[in-house]
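J.: I am attaching a structure below and will ask some questions about it afterwards.
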Amino acid sequence: MSTSNPFFAPSPLPYGLPPFADIAPQHFRPAFDRGFAEQLAEIAAITAQDAPATVANTLVALELSGQLLSRVSKVFYNKASADSDDFTSELEQELAPQMAAHSDTIRLDPQLFARIDALNTTPGTTDPETLYLIERYHTGYTLAGAALDEADKATLRELNRELSSLTTTFQKNLLADTNDLAVVIDDVAELDGLAPDDIAATAEAAAGRGLDDKYLITLVLPTGHPYLSQLTNREVRERIMTASRSRGIRGGDFDNCALVLEISRLRAERAALLGFPSHAAYVTADSTAGSPENVAAMLGRLAPAAARNARTEQSLLEEVAGRPIAAHDWAFYSEKVRAATYDVDTASMRPYFEAENVLQNGVFHAATLVYGVTFTERTDLVGYHTGVRVFEVFEADGTAIGLYLLDLYTRDSKRGGAWMNSLMSQSALLGHSPIVTNNLNVPKPPAGEPTLLTYDLVTTFFHEFGHALHGLFARVTYPRFAGTSVYRDFVEFPSQVNEMWMLWPEVLENYALHHVTGAPMPHEVVERLHASSAFNEGFATSEYLAAALLDQAWHTRAADVAVDDVAAFEAAALAAVGLDNPAVPTRYASTYFAHTFSGGYAAAYYSYIWSEVLDADTVAWFDENGGLTRANGDRFRARVLGVGGSMDPLAAYRDFRGRDAVIEPLLERRGLS
């Protein structure tokens with residue numbers, strides 16, 4: 001049998017890094033086909049056994065199955081999000097229903113579920129991680145529909161197939177429309193207010209599309225755009241905001257309105273089939289929140305105060321502007337008020353945030369101080385794109401941990417936002433070490449020019465690296481529990497904690513150095529930054545909560561409730577919670593809400609602020625216990641990051657904190673107390 005396909009055997013490279021230099025488009029389809037067949041044969045061998053179910057002959061065998069499919073899937077779907085092209089997009093569309101059908105074939109197999117059910121009744125083990133594995137498999141398969149009769153399973157398979165195709169199309173449309181709506185500027189004078197390196201980046205982006213002597217402002221995933229705080233030309237600001245909010249609603253090939261209606265309807269129908277009143281009830285049944293009512297109680301507690309604070313902030317901005325302000329004015333005038341009130345100008349900080357310095361002497365340095373780990377660039381190893389850098393990660397004693405891949409810059413082939421992926425997950429059972437990636441969307445300057453990050457991008461960098469550390473540090477037996485494989489409304493917690501080190505003195509003073517003079521950022525600037533930490537939180541909390549509550553509104557609808565107008569539904573949902581202020585648009589409108597209509601956050605976008613309760617409480621713990629010390633870092637690593645998904649996450653938090661989290665630190669942080 002031919003082994004010329006690089007996916008057909010484990011990679012010979014360090015840590016099993018995929019051999020990207022050898023992978024060609026024609027390798028994916030055959031690898032998927034063989035991967036599907038191999039795993040189904042492995043499942044058939046499990047269910048064909050006459051011996052009663054044991055952990056070894058059922059769950060361990062399940063955990064060992066599908067390794068070829070896992071190898072090709074991780075590489076392909078990483079490429080689909082970070083470096084898509086026509087081939088990738090078409091194959092992703094083709095694969096979506098096949099992946100859904102393959103998953104259903106396994107999870108709805110009655111003989112396999114019978115063995116899992118028997119283990120759940122009689123575990124035959126006292127090992128805590130293995131007991132938790134049994135529980136998670138039983139819960140997962142039950143929620144997947146394994147206990148349904150055959151007629152309902154057939155219906156479920158069709159629903160899953162349709163949803164997989166529709167959500168893939170949603171993301172494909174969004175990427176295309178985002179690229180299509182990029183704002184072309186003819187006269188550089190219209191970019192007044194942007195820093196020279198930003199202007200150079202827009203010229204570089206235009207040149208990349210063959211637009212000579214023009215400037216291109218590409219859109220980011222959220223409604224707002226970093227340039228809105230700097231551009232003095234109000235008309236250009238309005239063009240950017242209009243373009244951003246137009247994604248998916250213009251009709252034509254890239255319109256997502258019909259997809260939003262159909263995806264939410266099918267999800268409600270599937271939830272009803274599975275015995276739940278709504279998709280939100282189905283999702284939260286397997287989360288730390290427990291129910292949509294618990295989510296609504298928390299969000300409802302925060303929304304009125306956030307909306308009130310936003311209106312107060314708006315009045316202040318309008319005094320400065322001398323006119324009513326629109327959504328495209330908010331960032332611009334809030335920076336003026338921040339500068340006038342706190343003498344803080346975040347745009348002026350950019351010369352202190354040179355990307356390489358932020359990486360080496362900020363992000364990496366913080367990890368060394370807190371956890372003792374170090375990073376060495378491996379220029380001999382090839383990433384999946386020429387812009388990807390590969391780093392080897394080591395413990396303080398020199399023991400190797402795994403690989404970290406950084407993909408910093410934006411490009412038309414990369415979806416918006418920032419994220420972490422795993423190309424290889426650690427598990428003792430498979431003998432694998434972790435390989436994790438971070439993707440950001442930083443505008444690329446011309447060759448030879450420095451990459452200067454905004455304050456928000458530095459925050460994002462530290463946040464995404466927190467996910468990477470979670471993936472690198474988890475030490476588990478079973479692949480199912482590897483890395484960030486935790487409840488959706490817990491997964492953001494470790495990354496949010498990592499944001500705290502951005503402004504910690506021992507870290508900030510090491511990386512916030514002027515890229516020309518080498519001078520450190522003045523202490524008084526940092527002090528004023530801390531003093532202004534709650535500034536504009538009414539806006540920030542409101543735009544986030546609007547998206548979270550919009551996600552809940554779409555997914556708490558019952559299957560028999562008809563919706564035929566996306567804009568009307570969205571307006572009514574936001575008005576119902578008092579977050580319908582035109583000057584404070586939702587962070588994501590429905591037609592470009594990738595988290596919920598094509599990502600893994602459907603009915604779970606609340607997770608960010610739900611996790612932030614734990615994060616703020618953890619920051620308080622670090623403050624109470626001496627701050628940035630190895631002892632504190634080692635405790636957090638051992639009791640939270642290191643357990644991955646191998647125990648109940650709230651039990652892990654209690655083990656770390658000594659009690660359940662309290663909400664007061666979050667209310668204080670966001671000015672809601």
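The values are calculated or read from the model by the stated rules, or taken from the named source; none is laboratory data. Computed from a predicted model, the values in this text were never measured in an experiment. Neighbour counts are summed over all protein chains in view; Cβ atoms, including those assigned to glycine, are modelled from backbone coordinates with ideal geometry.
Residues are listed down the side, and each one gets a yes or a no for (1) touching a strand residue (DSSP E or B) at 6+ places or on another chain (Cβ under 6 Å); (2) assigned to a helix (DSSP H, G or I); (3) surrounded by fewer than 18 Cβ atoms within 10 Å (Cβ to Cβ); (4) assigned by TED's automatic domain parsing to the domain that holds Phe461:
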site	(1), (2), (3), (4)
Gly471	yes, yes, no, yes
Phe490	no, no, no, yes
Met500	no, yes, no, yes
His530	no, yes, yes, no
Ala562	no, no, yes, no
Leu574	no, yes, no, no
Pro582	no, no, yes, no
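J.: Follow-up question, since we're still on this one. If we scan segment 346-354, do we find a residue that is aliphatic (A, V, I, L, M), over 17 Å from Glu499 (Cβ atoms) and modelled with pLDDT of 95 or more?
T.: The initial filter retains those residues of segment 346-354 that are aliphatic (A, V, I, L, M), namely 347, 349.
With the extra rule that they be over 17 Å from Glu499 (Cβ atoms), the set shrinks to 347.
Next, only the ones that are modelled with pLDDT of 95 or more stay: none.
No, segment 346-354 has no match at all.
J.: Here is a follow-up. Mind listing just one residue for me: the one in segment 20-72 that is in contact (Cβ under 8 Å) with a residue 60 or more places away in the chain and among the charged types (D, E, K, R) and, of those, surrounded by the most Cβ atoms within 10 Å (Cβ to Cβ)?
T.: Only one residue fits best here, namely Arg71.
J.: Among the residues of segment 395-408, how many are surrounded by fewer than 16 Cβ atoms within 10 Å (Cβ to Cβ) and not in a loop (DSSP other than H, G, I, E, B)?
T.: Of all residues in segment 395-408, those surrounded by fewer than 16 Cβ atoms within 10 Å (Cβ to Cβ) come to 395-400.
Imposing the further condition that a residue be not in a loop (DSSP other than H, G, I, E, B) reduces the set to 400.
Looking only at that region, the number is 1.
J.: Restricting the search to segment 173-224, which residues are in contact with a strand residue (DSSP E or B) (Cβ under 8 Å, 6 or more places away or on another chain), small (Gly, Ala, Ser) and in a loop (DSSP other than H, G, I, E, B)?
T.: Correct list: Ala182, Ala195.
J.: Just checking, how many residues over segment 412-469 are acidic (Asp, Glu), assigned to a loop (DSSP other than H, G, I, E, B) and under 17 Å from Pro351 (Cα atoms)?
T.: Going residue by residue through segment 412-469, those that are acidic (Asp, Glu) are 412, 449, 456, 464.
If we keep only those that are assigned to a loop (DSSP other than H, G, I, E, B) as well, we get 412, 449.
Now drop any that are not under 17 Å from Pro351 (Cα atoms), which leaves 449.
So the answer is 1.
J.: Can you tell me which residues in segment 363-379 are under 23 Å from Gly431 (Cβ atoms) and in a loop (DSSP other than H, G, I, E, B)?
T.: Val373, Arg378
J.: Given (1) in contact (Cβ under 8 Å) with a residue 60 or more places away in the chain; (2) in contact with a Lys or Arg (Cβ under 6 Å, 6 or more places away or on another chain), where does Ala616 come up short, assuming only one miss?
T.: Status for Ala616: all satisfied but (1).
J.: Of everything in segment 511-528, what is part of a helix (DSSP H, G or I), under 26 Å from Pro450 (Cα atoms) and out of contact with any Leu (no Cβ under 9 Å at 6 or more places or on another chain)? Give them in sequence order.
T.: From segment 511-528, those part of a helix (DSSP H, G or I) are 511, 523-528; that's our starting set.
Then drop every residue that is not under 26 Å from Pro450 (Cα atoms), which leaves 511, 523-526.
The answer is His523, Glu524, Val525.
J.: Out of the residues in segment 584-600 meeting the condition of being in contact with a Phe, Trp or Tyr (Cβ under 7 Å, 6 or more places away or on another chain) and part of a loop (DSSP other than H, G, I, E, B), tell me which one is farthest from Tyr77 (Cα to Cα).
T.: Val584
J.: When you go through (1) outside any helix (DSSP H, G or I); (2) of a type outside the set (Lys, Arg); (3) more than 21 Å from Gly402 (Cβ to Cβ); (4) touching a Gly at 6+ places or on another chain (Cβ under 9 Å) one by one for Leu69, which number turns out not to apply?
T.: (1)
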